[in-house]
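This report refers to the structure that appears directly beneath it.
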Amino acid sequence: MVVSHGLRRLYHAVLGETVSQNPHFFSIVTPKNHSQYLRLLNSCKDFKSLIQIHGHLIVSGLRVDSSILTHLMNAYSFFHRSDLSRLVFDSIQNPSVVSWNSMIRVYTRSKRYKDALKMYRRMLEEGLEPDKYTFNFVVKACTGALDLQEGALIHREIARRKLESDVFIGASLIDLYCKTGELSIAREVFDKLPQKDVVACNAMIAGFSQSSDPCMALEFFRNMQLWGLEPNSVSLLNLVPAVSLLGDFHSCRSIHGYAVRRDFGTAVSNGLIDMYSKCGDVDVARRVFNMMRGHDDISWGTIMAGYTRNRSFSEVLELFDCMKLENLKLNKVSVISALLAAAELRDLEKGKEIHDLALQEEIHSDVLVATPIMTMYAKCEQIEKAKELFGKLQGKDLIALSALISAFLQSGYSEEALSLFRDSQNENLKPDGITLSSVLSACAELSLLKLGKSIHCYALKANIDSEISTGTALVSMYAKCGYFTPALILFNRMPTKDVITWNALINAYTHIGEPYHALEMFCKLQLSGIQQDAGTIVGLVPACTILNDLDRGACIHGKAIKNGLESDNQVKNSLIGMYAKCGSLSSADFLFRTQMMKDEVSWNVIIAGYAQSGHAKEAISAFHQMIGENLRPNSITFASIMPAVAYLSALREGMSFHGCIIKMGILSNTLVGNSLIDMYAKCGRLDFSEKCFSEMEHKDTVSWNAMVSGYAVHGQGDCAVSLFSLMQESNVQVDNVSFTSVLSACRHAGLAKEGKKIFQSMREKHGLEPNLEHYACMTDLLGRAGLFDEAVSLINTMPVEPDAGVWGALLGACRMHSNVELGEVALDHLIKLEPDNLTNYIVLSNIYSQSRRWRDADKINLMIKDSGLKKTPGCTWVEIKNRVHAFRAGDQSHPQFEAMCLLWNKLLEKMEKMGYVPDRSCVLQNVEEEDKNLFLYNHSERLAITFALINTEPRSTIHLVKNLRVCVDCHAATKYITRITNRSIIVRDSIRFHHFEDGICSCKDYW
């Protein structure tokens, strides 16, 4: 026997170590002949023992025949040491066919299929004639390599030697053709077999299970029994993919019954768990798991994967905790499922724990595990951590890249997704259709048409533009960028369309605010014969929201129920949002309460629904309930809750949420930053808004608009105009909202000249057509400045019919300047547009009173009385010691009312000495003279101020929120109170902020 020096050194080293650890080894094991060595090799259970036997064989001097060497080669292959098997093979002089077969088999077992095929070709070159075992092993190598071309050539050699009828070769050929998608050839081979056996049938079942016609697998399983063959555990396991694809619960139960009667063991039980899970009944899968006599790591991994597939993420993490508690080994499937669950629940702490475990098990670098680790961090908005892990990942592939890009998109980080895609081009990762689909989605979100076109060109050159996924993504990108002509051309040219393609256009039309076109596309989809899915409903429901069409929305809801789609979480979430936004909060609340599986999207939708419907307290309560359900809020949650905080001016609550945002590491999210700027501005802390704005790393148009709007509501017109100019100098895209905000700032600050210049630039410089909101701002601006001729001229030359906002702005300006004639004109128009709005009548009544036209004022007041309309009662809120107190005008029920009256009388006495004279023009004229002062003194803000003065520390600032505009007299009274008490009082009324300090208001009496 010839052994290379390298191999001899290895054997002696290991052998020496073994002998030193077990000096009695040779006294225990002293084989004398070949048969004893063969028995030892066959019973060898670990690699070290194998080395010992081989070493002993070398030093024994026994003449070794090819039989022992063949056994040695096979033994090494069981320990995945094909390199040592090859060294043994190379040591054989003139190896026989059996030895060549063994080496081919070793390579095939070790998944070194190309090396196996090289050995086969070399064998032929050596002039050796392959036998039936050679062909069996070589066909298996072709199957492993999915090399149909080589397999067909070998099949020809098999046929030439008339070996097709061999049951083993036949089964291997069937397996080859099934796995390479040639089922018709596999069937021909099967039919030629003189005697069918279970192995061949199992190969056919496996092939049909993975095919486009999985029903054939079930049919083959039945035929197999008719042929008198008894299916084994492999037969049942091969059926699992077929039943799973069909979602056939009846077949699940039949196979389950068959398996129970024969007690096939753990492997089949694991298959049953997988099958039930994929058929949507994870509860039965769990019962199968619970009834198993023993669980292996595959059992745990399969049930966890089943829960993940059915979006039962909490159960996945519970099983993960059980495995840790019992010190069970977690395999890759278990770890991946746990990571996916943590990502979906946005549970960063649990995700980190799983990541640490993957590090301990040394499986973190495997791309299959590394990918969900990265996406977990991305979905938990730890973007930098995700990017860092991706950068360090060895052997990164397109799947990892696509998954991370998709995770960035789902978390709202479109720019980061594109940046990652650009960086990946340096990694020589050639993008496929899936990657391009994700990148095109990012282009659509950011309206990057130029980049989208470049990717379209790449798809054309790579010949992947005709793939349904790529074509659909291109249609969606063009449509969402507002380019419907190319979108429709692509749509019409697509050779095949699925429901997702139709959904892309429906969603795009909804996205750009074209609900009627979305509904039209839905009608065409129904005529096409393609079945609508959950994505269709999710795209259609917002169209009803845009139209504010509750009846149509309810009709879509009915279609969802009819098609069995209502239970889908995305459908239910979209319906909750639609009902809330269309004014049926009770329906939204009912759907939410009856939802079985509430995810963070469900909570976000209901929180936003409450906030947008003016139910701010309920929104904040829902937020805390969400936390109580162990769901992690995300950037959308905070963006949804901040308007509720702003509505209540609940500064402490807002600051608490700000702390949570910092702790969760999502402060860098632009959406969150924008919501903080807006919240602080509306809670009276413009300084905090400025700080948030200046510290933002990634500002978008909304960020700048929010800050300009903050300056506007605080009456800081100069700051707003300066920031608007800086916005343009910084090449930030201005939009309609930008102009609304800056024009609003100009009107609050009386900056008529600047406002006119900005309004003019809107069309001339930026190509934006002013809308009704802009015209209302300009009418108010010009009217407040006393430029009524210009205001009327502007209204008369409007390209659209003026709405109530425009005429209301003119009426408000007339009140400010007591312009009776124009006020009457404005009211005539307003009565036609909104006859039930009492405020308009009251404003004109006040104008008459200011002009001492008492009879006209009385006529208006009589009209109000006859109409039966009720004035919205004034209400003011003040937060003291973490509790919000509400005061309504004229309310005397407060327990501290007497103390409040006593304080007011003292304040009034000091105010009158300082020159205060009540302005009673805002009190209706049909009130007795002696009651007019009482009406004024019982205004809600005065009640709130006296209460706050009693219950807060001296010199502390008082923050008030009022639902109506501050009246002239309360405005004057508050200025006096700040001088008397040496307090700052900040009032947010329905229009703007008033900062009162030392007898002066920030509005400079211009509001």
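The values are calculated or read from the model by the stated rules, or taken from the named source; none is laboratory data. Only a predicted model underlies this, so the values are computations on that prediction, with no experimental measurement involved. Reconstructed Cβ throughout: ideal geometry from the backbone, glycine too, with neighbour counts over all protein chains shown. Areas reflect the complete protein model, heavy atoms only, side chains present, ligands, DNA and RNA absent. Shrake-Rupley method; radii C 1.70, N 1.55, O 1.52, S 1.80 Å.
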* Single residue of K663, K617, K598, K581 found to be in contact with a helix residue (DSSP H, G or I) (Cβ under 6 Å, 6 or more places away or on another chain), open to solvent by 20 Å² or more (accessible area, probe 1.4 Å) and basic (K, R) -> K581
* Options E353, E361, E384; residue that is farther than 21 Å from N669 by Cα, surrounded by fewer than 21 Cβ atoms within 10 Å (Cβ to Cβ) and under 24 Å from the mean Cα position of the chain (by Cα) -> E353
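Here's a check for you: in the stretch 537-583, which residue that is among the basic types (K, R) and over 20 Å from the mean Cα position of the chain (by Cα) is farthest from N503 (Cα to Cα)? Walk me through how you get there before you give the answer.
Filtering the stretch 537-583 for residues among the basic types (K, R) gives 552, 559, 562, 572, 581.
From the residues that got through so far, the ones that are over 20 Å from the mean Cα position of the chain (by Cα) too are 552, 559, 562, 581.
Values: R552: 18, K559: 16, K562: 19, K581: 22 Å.
Among them, the one singled out is K581.
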* the stretch 132-171: number of residues that are within 17 Å of L183 (Cα to Cα) and polar (S, T, N, Q) -> 2
* Single condition E629 does not satisfy, out of (1) in contact (Cβ under 8 Å) with a residue 24 or more places away in the chain; (2) surrounded by fewer than 24 Cβ atoms within 10 Å (Cβ to Cβ); (3) under 23 Å from H959 (Cα atoms) -> (3)
* Lone unmet requirement of (1) open to solvent by 70 Å² or more (accessible area, probe 1.4 Å); (2) more than 20 Å from N669 (Cα to Cα) for C746 -> (1)
* **Those residues of the stretch 939-959 which are under 17 Å from I1000 (Cβ atoms) and crowded, with 20+ Cβ neighbours inside 10 Å, in sequence order** => I945, I958
* If you take the residues of the stretch 83-100 that are among the polar types (S, T, N, Q) and open to solvent by 10 Å² or more (accessible area, probe 1.4 Å), which of them is nearest to Y133 (Cα to Cα)? -> S96
* Structure fact -> When K111 is run through (1) open to solvent by 90 Å² or more (accessible area, probe 1.4 Å); (2) in a helix (DSSP H, G or I); (3) in contact (Cβ under 8 Å) with a residue 24 or more places away in the chain, the failure sits at (2)
* Asked: Does any residue of the stretch 539-562 turn out to be touching a residue at least 60 places away in the same chain (Cβ under 8 Å) and farther than 17 Å from N507 by Cα?
  -> no
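Each row is one residue, and each column tells you yes or no for (1) open to solvent by 10 Å² or more (accessible area, probe 1.4 Å); (2) of a type in the set (A, V, I, L, M); (3) free of Cβ contacts under 8 Å to residues at least 24 places away in the same chain.
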residue	(1), (2), (3)
V198	yes, yes, no
L218	yes, yes, no
F221	yes, no, yes
S235	no, no, no
L245	yes, yes, no
H250	yes, no, yes
Y258	yes, no, no
* Name the pairs: first residue in the stretch 471-490 and under 14 Å from K453 (Cβ atoms), second residue of a type in the set (D, E, K, R), Cβ to Cβ under 8 Å, at least 6 apart or on different chains? -> L474/D465; K480/E445
* To do: State the number of residues belonging to the stretch 632-669 that are part of a helix (DSSP H, G or I) and either of a type in the set (D, E, K, R) or without any contact (Cβ under 8 Å) to a residue 12 or more places away in the chain (or both).
  => 7
* Asked: Would you call L844 open to solvent by less than 60 Å² (accessible area, probe 1.4 Å) and within 21 Å of R815 (Cα to Cα)?
  -> yes
* Looking at (1) out of contact with any His (no Cβ under 9 Å at 6 or more places or on another chain); (2) at pLDDT 85 or above, which is the only condition D432 fails? -> (2)
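Hey, among L830, L787, which residue is touching a residue at least 24 places away in the same chain (Cβ under 8 Å) and farther than 22 Å from C746 by Cα? Let's see the steps before the verdict.
Numbers: L787 fails: farther than 22 Å from C746 by Cα.
Going through L830, L787 in turn, the sole match is L830.
Name the single residue, out of those in the stretch 852-886 being farther than 19 Å from L651 by Cα and within 42 Å of the chain's Cα centre (by Cα), that is most open to solvent (accessible area, probe 1.4 Å). Reasoning before the result, please.
Restricting attention to the stretch 852-886, the residues satisfying the condition of being farther than 19 Å from L651 by Cα are 852-874.
Those still in the list that are within 42 Å of the chain's Cα centre (by Cα) too: 872, 874.
Details: T872: 80, G874: 10 Å².
Per the stated criteria, the residue is T872.
Here's the yes/no breakdown for (1) open to solvent by 70 Å² or more (accessible area, probe 1.4 Å); (2) closer than 28 Å to A342 by Cβ:
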position	(1), (2)
T637	no, yes
P643	no, no
G659	no, yes
S668	no, yes
M679	no, no
H698	yes, yes
V702	yes, no
* Give I158, I205 a once-over and let me know the one that is among the hydrophobic types (A, V, I, L, M, F, W, C) and within 42 Å of the chain's Cα centre (by Cα). => I205
* Assuming E629 fulfils every condition listed in (1) more than 20 Å from I986 (Cα to Cα); (2) over 18 Å from the mean Cα position of the chain (by Cα); (3) at pLDDT 90 or above apart from one, which condition is it? -> (3)
